[in-house]
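A short worksheet on the structure shown next.
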Amino acid sequence: MKRIPVILDGDPGHDDAIAWVLANASPMLDIKAVTSCCGNQTMEKTTYNALRICTLIGLNVPVAKGRVKPFLKPPMVAPNVHGQSGLDGPKLPEPAFDVVPEDAVTLMARIIEESDEPITLVPTGPLTNIAALFMAHPELKKKISHIYLMGGGIHHGNWAPAAEFNIQVDPEAAAYVFAAGVPITMAGLDVTEKAQIYPEEFEIIRGLGSKVATTVAEWFDFFFQYHKSLNGYKGAAVHDAVAIVAMTNPEIFEVKDMYVEVETDSEYCNGATIGDVHGVLGKKPNVHVLWNLDRDAFAKILIDAVRTYGEVSE
Ligand code: RIB
Ligand code: CA
């Protein structure tokens, strides 16, 4: 099977971490690098978390620090969701290796330039690094085959009524990426809020018994504390993992192609991903918007991915 070369960019973050556990377990993906961004926590904290996650799952690839802050806005961080560390809950191993000397944009550009085939980008945090890459190296856009991103929401937000966190943190960066002309699959809240893993499934994962499985279960224990406070949530919405599963198992999703742009100058809707659902603007669709998923299939894919890290019989 021809593996897809990918670069993971995120702000771990519990769901980023679980997304990377999934990506690392997939025989379909060839992870070339990991880059950190400022989102759920400061870039320093998300970088430390990225190194610890890679150490835990045995992902020995270049890790580079992303930009310190969004293009125009101050950092927003989300300790109420992910804790002060950005990845509260289970104790994690100390990093087995350090970041590379290059910054995220320089590393991404080098990998894309040197690659014999187009690279897929999988940002699961604010799009600051991706926009910076496109601004600094517009000639490389033709060597990027696809962007599978977690962000946005056509019908609603979660950090503001109309804006999802990743987009709201850096709307200018998001607007630039959505307008860049690189194919995008958007895992927005319309689908990711349905990608819930239930407490009984936490226990199935815990029961696998490996260090990774135990850690993932304990990430869910912590992450669910926030979600159960939200009305109607029966489980923890693993937003970022949807961006990975959209690549490895597209068959479990309903997708709608539409023209989407990002609001960057509004008192009430700044950071909103405005989707032209009915095509009233007559503009060519620029985004494959994930609209629905088979939740049970999603949960099985996640559990089976964790199982690849080993099963420890009682
Ligand atoms: O709105 C959900 C997104 O914000 C996820 O990527 C989560 O990790 C946070 O970054
Ligand atoms: Ca994230």
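Quick notes on this structure:
- For the stretch 20-35, the criterion of being out of contact with any helix residue (DSSP H, G or I) (no Cβ under 9 Å at 6 or more places or on another chain), of a type in the set (Val, Ile, Thr) and within 24 Å of Ser115 (Cβ to Cβ) is met by no residue.
- Residue in the stretch 232-248 that is closer than 20 Å to Leu302 by Cα and without any contact (Cβ under 8 Å) to a residue 12 or more places away in the chain present: no
- Considering each residue of the stretch 191-203 in turn, at least one proves to be among the small types (Gly, Ala, Ser) and modelled with pLDDT of 95 or more.
- Complete set of residues in the stretch 9-37 that are away from ligand 1 (no atom under 11 Å from the Cβ) and in a helix (DSSP H, G or I): Trp20, Val21, Leu22, Ala23, Asn24, Ala25
- Answer from Val77, Val100 - the residue that is among the aliphatic types (A, V, I, L, M), assigned to a loop (DSSP other than H, G, I, E, B) and in contact with a Cys (Cβ under 9 Å, 6 or more places away or on another chain): Val77
- Selection status of Glu201, within 23 Å of Glu254 (Cβ to Cβ), away from ligand 1 (no atom under 16 Å from the Cβ) and out of contact with any strand residue (DSSP E or B) (no Cβ under 7 Å at 6 or more places or on another chain): yes
- Annotation: of all residues in the stretch 154-164 being near ligand 1 (Cβ under 9 Å from one of its atoms) and under 15 Å from Val191 (Cα atoms), the one that is surrounded by the fewest Cβ atoms within 10 Å (Cβ to Cβ) is Asn158.
- Close contacts from the stretch 99-121, counting a first residue that is touching a residue at least 40 places away in the same chain (Cβ under 8 Å) and a second that is of a type in the set (S, T, N, Q) and surrounded by 21 or more Cβ atoms within 10 Å (Cβ to Cβ), with Cβ to Cβ under 8 Å and a gap of 6+ residues or different chains, come to Val99/Thr47; Ala104/Thr35; Ala104/Ser36; Ala104/Asn129; Leu107/Thr35; Met108/Thr35; Met108/Asn129.
- Residue match in the stretch 206-213 (condition: within 27 Å of Thr273 (Cβ to Cβ) and either touching a strand residue (DSSP E or B) at 6+ places or on another chain (Cβ under 7 Å) or surrounded by fewer than 17 Cβ atoms within 10 Å (Cβ to Cβ) (or both)): no
- Among the residues of the stretch 119-156, those that are away from ligand 2 (no atom under 15 Å from the Cβ) and under 18 Å from Ser266 (Cβ atoms) comprise Ile154, His155, His156.
- Conditions (1) among the small types (Gly, Ala, Ser); (2) assigned to a loop (DSSP other than H, G, I, E, B); (3) surrounded by 19 or more Cβ atoms within 10 Å (Cβ to Cβ): number failed by Gly282: (3)
- Single unsatisfied condition, Met76 versus (1) at negative phi; (2) modelled with pLDDT of 95 or more; (3) in contact with a Gly (Cβ under 9 Å, 6 or more places away or on another chain): (2)
The values are calculated or read from the model by the stated rules, or taken from the named source; none is laboratory data. What you see is a predicted model; the values in this text were computed from it and never measured. We place every Cβ from the backbone using ideal geometry, glycine too, and count neighbours over all the protein chains shown.
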